[in-house]
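Here is the structure we will look at, set down as structure tokens.
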Amino acid sequence: MSEDILKRAKSLIQIPSHWSLIIEDYCQPNESAGYTLLSWADEEQNEGISMQLDPKGRLTKLSQERKEEKTDTKPLSDVDIKIIAEQFLLSHYPDALRALTLNVNEKLENKYRFEYVQFVMNLPLPNSGCFIEVSSTGDILEFHYYGVKKEPATPTNFISKEQGLTEIKRTLDFNLVLSTIYAHTYNVKEQGLQLIYEPNPSVLNYRADVFPPTLTINHEEEIPPQYVTLPQQANLNENKKWSIVELIGITDEMEVIREVDMGEEKGVVWQDRNWEEKDRDRTVEGFISRQTEGTVKAIISKNCGKLNSFIWFKERSGNLSLNREQCLQKAIEFIQKTIKL
């Protein structure tokens with residue numbers, strides 16, 4: 001069965017011969033449900049292809065990550081890109097466009113995104129149809145097929161927008177809060193901390209056929225945070241500048257096995273020099289284990305060299321058994337060292 005699936009997958013898209021199969025995961029609880037997940041990657045895992053097939057061998061997901069190469073090839077026109085997207089969809093689901101309608105057609109950076117969905121009551125039906133992303137040179141980068149869904153029943157009555165607005169005005173409140181506003185999300189010239197009014201509740205949904213509203217969100221009672229001044233540590237060397245490896249606790253027995261460019265940040269992964277892979281389990285669980293077992297991972301700002309985050313997957317042992325107060329002191333000391341980095 002696995003050989004048939006692999007042969008079918010390789011017939012769908014060209015996979016470079018020097019790439020290795022890193023994930024081969026089968027989940028088929030019965031004849032009508034389940035999936036096959038396959039992934040190939042180059043040796044450095046900087047480029048790769050992942051795909052998911054249903055029990056009948058039909059493609060349901062595809063994702064390609066390729067290095068951008070400079071080329072003299074002229075970008076295709078918007079019309080040609082759309083034709084490529086639809087031809088790809090129809091090659092896998094010949095009847096798809098009978099039930100689906102183009103809902104999103106947008107140009108992103110070096111690629112185009114198309115979404116074909118079902119429409120019910122002239123509204124797009126969530127989680128129906130598919131989306132396709134195509135590069136400006138015509139390569140399929142992303143594909144996800146959700147399928148044709150059963151249409152919901154049409155309500156016989158609708159409340160008016162005026163009734164909904166009246167209810168919102170009656171119930172909506174605002175809280176004055178400090179929040180970090182990011183330029184890539186909001187229309188601001190400079191990002192940073194801003195004093196803003198936050199709506200409460202932040203999300204309002206009303207059933208269109210019932211009034212007064214019956215659709216409410218249950219909010220868990222939140223314990224308000226408490227803020228205290230960070231105390232100075234008397235035993236902290238104020239003149240010492242701590243390196244990232246010192247802060248994290250990287251030992252001489254470990255080495256950098258991977259660095260990843262993440263735009264404004266970079267990821268660094270350390271692992272024991274003598275670490276050996278136990279077995280070649282190609283399931284998703286096995287892949288995650290290979291990527292994390294015995295490692296320490298950190299995210300570092302490329303602009304200022306500060307440590308943004310890190311996590312230990314490598315197991316450590318020792319004789320310490322600290323109480324809450326001692327753990328708090330360790331945390332405070334770490335923050336002080338990070339500030340001095």
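The values are calculated or read from the model by the stated rules, or taken from the named source; none is laboratory data. For clarity, every value in this text was computed on a predicted model and none was experimentally measured. Heads up, the Cβs are rebuilt from the backbone with ideal geometry, glycines too, and the neighbour counts pull from every protein chain shown. Note: areas computed on protein heavy atoms with side chains; ligands, DNA, RNA excluded. Shrake-Rupley method; radii C 1.70, N 1.55, O 1.52, S 1.80 Å.
The modelled label-to-label distance for the pair Trp19/Gln226, using points 7 Å beyond Cα in the direction of Cβ, is 5.4 nm.
Contour minus end-to-end for Glu264 and Leu6, with contour as 0.36 nm per residue of separation and end-to-end as the Cα-Cα distance? Walk me through the numbers before you get to the answer.
Numbers: separation 258, 0.36 × 258 = 92.88 nm, distance 3.75 nm.
Roughly 89.1 nm would be gained on extension.
Work through the residues other than Arg8 whose Cβ is under 14 Å from its Cβ and net out their charges, Lys, Arg +1 and Asp, Glu -1. Don't skip to the answer; put the middle values down first.
Working: positive: Lys7, Lys10, Lys56, Arg58; negative: Glu3, Asp4, Glu24, Asp54.
Its environment carries a net charge of 0.
Evaluated at q = 0.15, 0.22 Å⁻¹, a Debye calculation over the C-alpha positions of segment 1-116 (equal weights, vacuum) places log10 I(q)/I(0) at -0.86, -1.32. Solvent exposure of the chain amounts to 72 Å² per residue of accessible area, where only protein heavy atoms count and the probe is 1.4 Å. Hey, can you list the DSSP H helices of the chain whose Cα span along the axis is 18 Å or longer and whose average Kyte-Doolittle score is at least -1.0? Membrane-span-like by this criterion, though nothing is claimed about a membrane: 78-92, 324-339.
How high is the FRET efficiency from Ala153 to Val104, r the C-beta distance, R0 25 Å, rounded to 0.05? Write out the running numbers ahead of the final one.
Values: r = 26 Å, r/R0 = 1.04.
Taking R0 as 25 Å, the efficiency between Ala153 and Val104 is 0.45.
Were the residues from Leu195 through Gln326 laid out at 0.36 nm apart, the gain over their Cα-Cα distance would be 43.6 nm.
With the convex hull drawn over the C-alpha atoms of the chain, the volume per residue is 267 Å³. Here are some pairs, Lys61/Lys266; Lys82/Lys111; Lys67/Lys266; Lys67/Lys111; which of them have Cα atoms lying more than 20 Å apart in this structure? Lys61/Lys266, as the Cα separations exceed 20 Å there.
Carbon and sulfur atoms: what percent of the 1.4 Å accessible area of segment 39-94 do they account for?
Values: 1640 of 3570 Å².
Using a 1.4 Å probe with all protein chains present, segment 39-94 comes out at 46 percent carbon and sulfur.
A crude spin-label estimate for the pair Phe174 and Val79, with each label 7 Å from Cα along the Cβ direction, gives 4.9 nm. Taking a straight line from the alpha carbon of Lys330, these lysines sit under 25 Å away, with near neighbours fewer than eight places off in the same chain left out: Lys240, Lys241, Lys297, Lys306, Lys314, Lys340.
Applying 1/(1 + (r/R0)^6) with R0 = 35 Å to the Cβ-Cβ distance of Glu285 and Leu204 gives a FRET efficiency near 0.30.
Within straight-line reach of Lys161, meaning a Cα separation under 17 Å, sit the following lysines at least 8 residues removed in sequence or on another chain: Lys169. Based on DSSP H segments of at least four residues, each scored -39500 (n - 2.57), the chain has a per-residue ellipticity at 222 nm of -6000 deg cm²/dmol.
Can you list which of the chymotrypsin sites (Phe, Trp or Tyr not before Pro) found in segment 249-341 are DSSP loop residues with at most 15 other C-beta atoms within 10 Å? Provide the component values of the computation, followed by the final result.
Working: sites: Trp270, Trp275, Phe287, Phe310, Trp312, Phe313, Phe334; in loops: Trp275, Phe313.
Qualifying residues, ordered by number: Trp275, Phe313.
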